[in-house]
Ligand code: GDP
C-alpha cells in the first residue's frame, strides 16, 4: 500500500469511526495521541472499529447480527455468548480489536454446543437457585443417601490459592473437569478474583456466595484434611457399593499431594466421586494433561478439542475477561507504548531465587537468547552513522519482571549505542513490584494486565517454570521461546528454545498407570501427552502436527 493509499484509507476510517470515538473513549484513549501520526497498527484497529460501527448502525443491539466476519471476530469464533451488557465488561467484546489477526485456532462446533449447554446448566444451578439452596442443605448432614442421579445439580468449588498465574490455570482446569463431569463450577472470590475478572457465564454468577457453609475452612484445607479424597480412601470410607456418601469431598491437588490424592485421575475413582454433590478443590497445577490420560474422558475430550493443544487457548479466552479497571491498565499501556511499533516483542523474566535480582547470568541469558535468535539487533560499538535514506524499523520490547534491573540494562544498551540494523528499539516495563504480593489488589491487577499485554505481542519470550508466562502464551495463541532454567547461576546452553505447543505445563503429574496399577512414565502413554520443554517430569498436551 502506498502512503497516499494508506492516508486515504485512514481518512475514510476516521470519518466513519468518528461517532464511535466517543463510545470507545473509556477504553481506547485516542485523545492521548490525537496529534500524532496514525501508524499501521492504529489503522488496523480503526478499520476493525469502523467495520464494527457500520454493522452496529444496521440496528443490532447486541452485535450478534453483524456482518459475519465481524461477529466471528468479536465473539471469538463463537466462543463468547452474545447478550452481555457491553459496558459492564468492556474487554469481553473488544479484546479482538487488539489482535493483529483472528486466532487461526477455531473452536470445534461441539465445544461451542457444550459451552452453551454448560451456560444453561449454570443458570439453573447457580447461586441461590432452588437447586443450589437444596444442595446446600445437604452440606449440613455429614453423610447423605446418594445415588448417581440423586442431585440435579452437583458442584466443583474452586478454592482461591497461590499466585495469579497458577490461579488462572487451575480455574481453567477445574472448569474443564466440571464440563466433563456435568458439574457446575463456583469460584471462591478469595481477596480479589471479582476485582480482576468479569463474570463469564450469562445471567448468573460464578462466584461462590460468601455465606457458603464451608468457606471459613478453606484456608485450613490441606493434605491432612480428613475429608480429602485421599484420606477417605486410606481410611476405607468410600465404598462404591454403599448407599451412604459424604455430602462433600475435598480434592487436594496441590503439589504436595500424595499417591492416594492422585488417584482421582484414575477412571475407577470417578464413580464414587460422581455421587458426591460438592467437590471442594484446591490446586496450584494445570492438571488438564492428566484428564487426557483417562479413558473415560478421552472420547469426549477428542470431540471437544480435535486439536488437543488448543485447550487452554480456547478456555482462557472464554473464561478470563479483564475487569474494566484492569482493561484500563491494559489499553492505556497498549496505546501509549506498543500500538505504534512495527513489531512488538514480549520478554517475561521470572527468577526463582531468594530475590528477584537483577542477576548477571539472567541478563546474559536474555541477551544470548534474543541476539542469537535475531529477535534483537546487535549494537554497533563503532557508532557508525545510519543511512538517512532507509526508514528505520521500530520495535517495542515489553518487559515484565519483579525487578527493574533487566529493563534498565537493555534500555541503556539501546540508548547508548545505535543498532547495526538501524532499527529503533524501545524498551518498556509497566511495573517492578520487587517481590510477589499475592492477593493484594493493586499488585494482582498489574500482574494480570502484564500477562494480558504479553499475550498481545507479536513474538514472545518466557521464563521456564512460570505459570505467568504460560497464561500469556495460551491467551495469545503463541509458541514462545522459553528461557531454560539456569543451574548454578550459569547461562544454560542453549539459552532458550521454541516450545512444542502453546499449552501450559502440568508441573506435578502422577507417575502412575491406572490400568496396570503400577508406576509408569505418563509422558509415554499416549502420543498427545508429552514431557515439557522446561521441566523434564512435567506434562503438556501437544498436537500430532506439533514438531515433537
Ligand atoms: P509463577 O510463580 O511464575 O508460576 O506465576 P504466578 O503468577 O502464579 O505467581 C507469581 C506472582 O508474582 C504473580 O502472580 C505476581 O503477583 C508476581 N509477579 C511475578 N512476576 C511478575 C511480573 O513480571 N510482573 C508483575 N506485575 N508481577 C509479577
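The values are calculated or read from the model by the stated rules, or taken from the named source; none is laboratory data. Fair warning: this is a prediction, and the values are worked out from it, not measured in the lab. Counting neighbours? That spans all protein chains shown, and the Cβs are built from the backbone with ideal geometry, glycine included.
Structure above, values below:
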| quantity | calculated |
| --- | --- |
| Out of 428, 452, sole residue that is closer than 18 Å to residue 323 by Cβ, more than 8 Å from the ligand (Cβ to nearest atom) and in contact (Cβ under 8 Å) with a residue 12 or more places away in the chain | 452 |
| Condition met for residue 151 (touching a helix residue (DSSP H, G or I) at 6+ places or on another chain (Cβ under 7 Å), surrounded by fewer than 23 Cβ atoms within 10 Å (Cβ to Cβ) and at pLDDT below 95) | yes |
| The range 257-278, subset part of a loop (DSSP other than H, G, I, E, B) and within 27 Å of residue 212 (Cα to Cα), residue modelled with the lowest pLDDT | 275 |
| Unique residue being in a loop (DSSP other than H, G, I, E, B), surrounded by fewer than 21 Cβ atoms within 10 Å (Cβ to Cβ) and within 16 Å of the ligand (Cβ to nearest atom) when the list is 103, 160 | 160 |
| Identity of the residue in the range 411-429, part of a loop (DSSP other than H, G, I, E, B) and buried (at least 19 other Cβ atoms within 10 Å of the Cβ), that ends up nearest to the chain's Cα centre (by Cα) | 429 |
| Given (1) touching a strand residue (DSSP E or B) at 6+ places or on another chain (Cβ under 9 Å); (2) under 25 Å from residue 132 (Cβ atoms); (3) modelled with pLDDT of 95 or more, index of the condition residue 204 fails | (1) |
| Condition met for residue 509 (modelled with pLDDT of 95 or more and farther than 26 Å from residue 316 by Cα) | no |
| Filter result for residue 499 (touching a helix residue (DSSP H, G or I) at 6+ places or on another chain (Cβ under 7 Å), within 30 Å of residue 374 (Cβ to Cβ) and assigned by TED's automatic domain parsing to the domain that holds residue 351) | no |
| Residue identified as part of a loop (DSSP other than H, G, I, E, B) and without any contact (Cβ under 8 Å) to a residue 60 or more places away in the chain among 408, 433 | 433 |
| Conditions (1) free of Cβ contacts under 8 Å to residues at least 40 places away in the same chain; (2) touching a helix residue (DSSP H, G or I) at 6+ places or on another chain (Cβ under 8 Å); (3) part of a loop (DSSP other than H, G, I, E, B): number failed by residue 438 | (1) |
| Filter result (more than 20 Å from residue 124 (Cα to Cα) and buried (at least 21 other Cβ atoms within 10 Å of the Cβ)) within the range 193-211 | 193, 196, 197 |
| Qualifying position, being under 26 Å from the mean Cα position of the chain (by Cα), buried (at least 19 other Cβ atoms within 10 Å of the Cβ), assigned to a helix (DSSP H, G or I) and within 16 Å of the ligand (Cβ to nearest atom), among 91, 173 | 173 |
| Search result, residues across the range 460-478 that are closer than 13 Å to residue 313 by Cβ and near the ligand (Cβ under 8 Å from one of its atoms) | 470, 471 |
| Pairs, first over 15 Å from residue 453 (Cβ atoms) in the range 465-477, second within 7 Å of the ligand (Cβ to nearest atom), C-beta under 7 Å, six or more apart | 466/165; 466/348; 466/350; 467/163; 467/165; 467/166; 470/165 |
| Those residues of the range 379-403 which are within 16 Å of the ligand (Cβ to nearest atom) and part of a loop (DSSP other than H, G, I, E, B), in sequence order | 401, 402, 403 |
| Given (1) closer than 15 Å to residue 348 by Cα; (2) loosely packed, with under 15 Cβ neighbours inside 10 Å; (3) more than 16 Å from the ligand (Cβ to nearest atom), index of the condition residue 434 fails | (3) |
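One line per residue, one yes/no per condition, for (1) surrounded by 15 or more Cβ atoms within 10 Å (Cβ to Cβ); (2) more than 16 Å from the ligand (Cβ to nearest atom); (3) more than 26 Å from the chain's Cα centre (by Cα):
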{"position": "315", "(1), (2), (3)": "yes, yes, no"}
{"position": "345", "(1), (2), (3)": "yes, no, no"}
{"position": "350", "(1), (2), (3)": "yes, no, no"}
{"position": "358", "(1), (2), (3)": "yes, no, yes"}
{"position": "377", "(1), (2), (3)": "yes, yes, yes"}
{"position": "405", "(1), (2), (3)": "yes, no, yes"}
